[in-house]
1. Please specify each residue of the stretch 111-138 satisfying the condition of being crowded, with 24+ Cβ neighbours inside 10 Å, in contact with an Asp or Glu (Cβ under 8 Å, 6 or more places away or on another chain) and farther than 14 Å from V347 by Cβ.
2. Pull up the stretch 235-291, narrow it to residues that are polar (S, T, N, Q) and farther than 25 Å from R222 by Cα, then point me to the one that is surrounded by the fewest Cβ atoms within 10 Å (Cβ to Cβ).
3. Quick check: is even one residue across the stretch 175-198 part of a helix (DSSP H, G or I), surrounded by 24 or more Cβ atoms within 10 Å (Cβ to Cβ) and away from the ligand (no atom under 16 Å from the Cβ)?
4. Within the stretch 132-146, take every residue that is more than 10 Å from the ligand (Cβ to nearest atom) and not in a loop (DSSP other than H, G, I, E, B) and give me the one that is nearest to L8 (Cα to Cα).
5. Taking the condition of being outside any helix (DSSP H, G or I), within 18 Å of H169 (Cβ to Cβ) and among the polar types (S, T, N, Q), how many residues in the stretch 199-226 meet it?
6. Kindly provide the set of residues from the stretch 227-264 that are in a helix (DSSP H, G or I) and among the β-branched types (V, I, T), ordered by number.
7. Kindly indicate which of G84, G55, G25, G33 is of a type outside the set (K, R), assigned by TED's automatic domain parsing to the domain that holds I134 and crowded, with 17+ Cβ neighbours inside 10 Å.
8. Is there a residue in the stretch 91-106 that is within 13 Å of the ligand (Cβ to nearest atom) and either surrounded by fewer than 24 Cβ atoms within 10 Å (Cβ to Cβ) or outside the structural domain of M219 (by TED's automatic domain parsing) (or both)?
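The values are calculated or read from the model by the stated rules, or taken from the named source; none is laboratory data. Treat the numbers as computed from the prediction; the structure is a model and nothing was measured. Every residue, glycine among them, receives a Cβ derived from its backbone with ideal geometry; neighbour counts consider all protein chains shown.
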Amino acid sequence: MAETYGILTSGGDTPGLNAAIRSIGKTLMHLSGAKLIGFNDGFRGLAENRFCTLGDRELSGILIRGGTILGSSRDKPHRMPVNGEIVDMTDVIVENCRKNQLTGLFCLGGGGTQKNALRLAKAGINVITLPKTIDNDIIETDTSFGFDTALGIATEAIDRLHSTAHSHHRIIIVETMGHNVGWLALGAGLAGGADVILLPEIPYSEKKIAEAIEKRRSMGKRFSIVAIAEGSMPIERYRKFRREVTADLQPDTPKGVIAKLIAVRNDEYRNRNSAVLAESLEKITGKEARVTILGHLQRGGSPSAYDRNLATHLGSRAVQEAFAGNWEKMIAVRGSSLKPVSLEKTVRDKKYIPHNHPWIISAKNMGITLGD
Ligand code: F6P
């Protein structure tokens with residue numbers, strides 16, 4: 001009897017998810033005739049045993065579609081809201097995998113999904129994961145599908161916002177996604193020609209940003225474009241949060257833990273950060289400032305050609321590793337190759353931008369202000 005595999009998509013949707021689903025399904029069918037069932041809405045569908053068969057008809061025409069045909073959620077197997085209670089559904093999930101006679105389970109998601117998949121692996125389920133997120137914040141992989149498409153969307157937005165910036169001599173602040181890391185803001189800021197790029201990794205000085213804008217004005221540049229990641233913050237706020245979160249922590253607490261605790265506190269400024277900055281810059285410079293928050297636009301629509309191909313290659317390799325019984329791995333991008341890496345390694349931390357990253361060096365070399 002043909003084997004059966006399961007697949008689910010978890011966390012924020014991204015372009016490329018359907019391309020990955022299609023690749024896994026078609027590779028399974030073509031190489032072994034195996035069956036693929038897709039669980040709906042992430043780990044919740046797995047816990048509730050809600051799934052659909054992904055045959056040739058279901059996989060046709062989805063390569064170019066954004067989002068995920070399976071639906072997604074941020075639910076976690078071990079802490080799932082059930083009738084108002086938080087329940088550990090791991091055992092139920094293990095039983096559902098047994099009932100469906102799954103040879104293995106493919107989990108497509110971001111950092112949280114890697115952690116949840118590792119938990120299921122420890123509970124005895126054969127899992128292989130793919131790196132998916134527009135944030136590009138998964139360690140052990142050079143990139144993740146969704147990032148390139150989001151980069152293109154954010155870059156085009158910055159291109160377009162130049163029109164009103166130079167027509168009205170304004171400060172235009174463009175907020176990208178990137179709750180803890182600034183890859184999207186940095187990449188789109190560079191590609192879109194931003195004059196200031198603000199990142200969660202580099203708490204900024206409003207005074208220094210204003211000075212950079214004034215300096216541009218003294219050179220005859222009457223507008224400025226500021227690209228800011230949603231998780232960025234002024235240095236004063238960062239220092240306050242850092243004092244608060246480290247007050248009760250051990251001196252050897254990992255940097256990633258501290259960064260996460262600070263990011264959680266900064267949450268109260270989500271979608272307000274840019275407005276606060278705009279107000280400050282108007283006061284200091286006397287120039288008009290306007291804010292555009294790109295939000296979920298960056299996760300919308302059809303995947304770029306790069307993301308379609310990346311998702312396709314990752315999916316095909318995931319099936320090869322499954323056939324080889326190489327479970328508990330994430331298929332990672334390493335240069336122009338793919339490499340299965342242990343899930344244990346992918347959950348240690350997030351992939352923050354190193355201060356000496358080539359993109360940071362290029363920005364500084366060109367006089368782009370990073371707020372520090
Ligand atoms: O994790 C990807 C991401 O798009 C982040 O960049 C963003 O902060 C978050 O998801 C938004 O989550 P939600 O779609 O649940 O509002």
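1. Scanning the stretch 111-138 gives a single hit, I128.
2. Only one residue tops the list, namely Q250.
3. no
4. F145
5. Number satisfying all stated conditions: 1.
6. Going residue by residue through the stretch 227-264, those that are in a helix (DSSP H, G or I) are 235-246, 255-264.
Correct list: I235, V245, T246, V257, I258, I262, V264.
7. Only one candidate passes the filter, namely G25.
8. Taking every residue of the stretch 91-106 in turn, none turns out to be within 13 Å of the ligand (Cβ to nearest atom) and either surrounded by fewer than 24 Cβ atoms within 10 Å (Cβ to Cβ) or outside the structural domain of M219 (by TED's automatic domain parsing) (or both).
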